[in-house]
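The values are calculated or read from the model by the stated rules, or taken from the named source; none is laboratory data. It should be emphasised that the depicted structure is a prediction, and the values quoted were computed from it without experimental measurement. Positions of Cβ are generated from backbone atoms using ideal geometry, with glycine treated the same way; all protein chains shown enter the neighbour counts. Keep in mind that these areas ignore ligands, DNA and RNA; they rest on the heavy atoms of the full protein, side chains included. Shrake-Rupley method; radii C 1.70, N 1.55, O 1.52, S 1.80 Å.
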Amino acid sequence: MRLERVRSVDRRPVIYSIDVIAGSVVGDDFATIDWSGSLRALLDARGAAMASSTAQIRAVSFPRTVAAALGEDARAPWLLMIQTHFTEDGRAVLYSHDYHRGDAFTFNVLRRSGGTPGIAQGVTR
């Protein structure tokens, strides 16, 4: 299931998300799901709680077609976070591209040596 959403603060887009959710989680009742809430809560409720994720964060320009549709400047700085989310037993249940407005978010990353995965955390200013 592919889901595109825009999250705004004071009518200003701050996150544009493209999420792909495993069909085994969504099932056949995708039309009856309330997609306006938390995807984490939805996955938890469907027995697919996210336990870990891999993430890549990079500076990008906003996709031109989306910027035009939202009335945004495509040249403004955005941070793209590409993630794959896994359950405790290692099932990939969510793949996401989240564009975060560069002037609205700061990300702090903890990196560890010895093979322990790092932890990425979003912080709103």
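Before moving on, here are some points about what is shown:
- Taken per residue, the accessible surface of the chain reaches 63 Å², heavy atoms only and a 1.4 Å probe.
- Relative contact order computed over the stretch 31-104 (Cα-Cα under 8 Å; 6+ residues apart), in percent: 28
- For Cα extents along the principal axes in Å, the candidate list reads (1) 42, 38, 26; (2) 44, 41, 22; (3) 46, 32, 28; the entry that matches the value derived from this model is (2).
- Mean residue ellipticity (222 nm) of the chain, computed from DSSP H runs ≥ 4 via -39,500 (n - 2.57), nearest 500: -3500 deg cm²/dmol
- Among Val93, Val66, Val25, the residue with the largest mean-square fluctuation in a Gaussian network model of the chain, with springs joining Cα atoms closer than 10 Å, is Val66.
- Charge tally in the Cβ shell below 10 Å around Met81, where Lys, Arg are +1 and Asp, Glu are -1, Met81 excluded: 0
- Virtual spin-label span in nm between Gln56 and Arg111, 7 Å along Cα→Cβ: 1.6
- Length-normalised contact order for the chain - Cα pairs under 8 Å, 6+ apart - percent: 22
- Taking the accessible area of the stretch 1-76, probe 1.4 Å, and keeping the other protein chains in place, the carbon and sulfur fraction comes to 51%.
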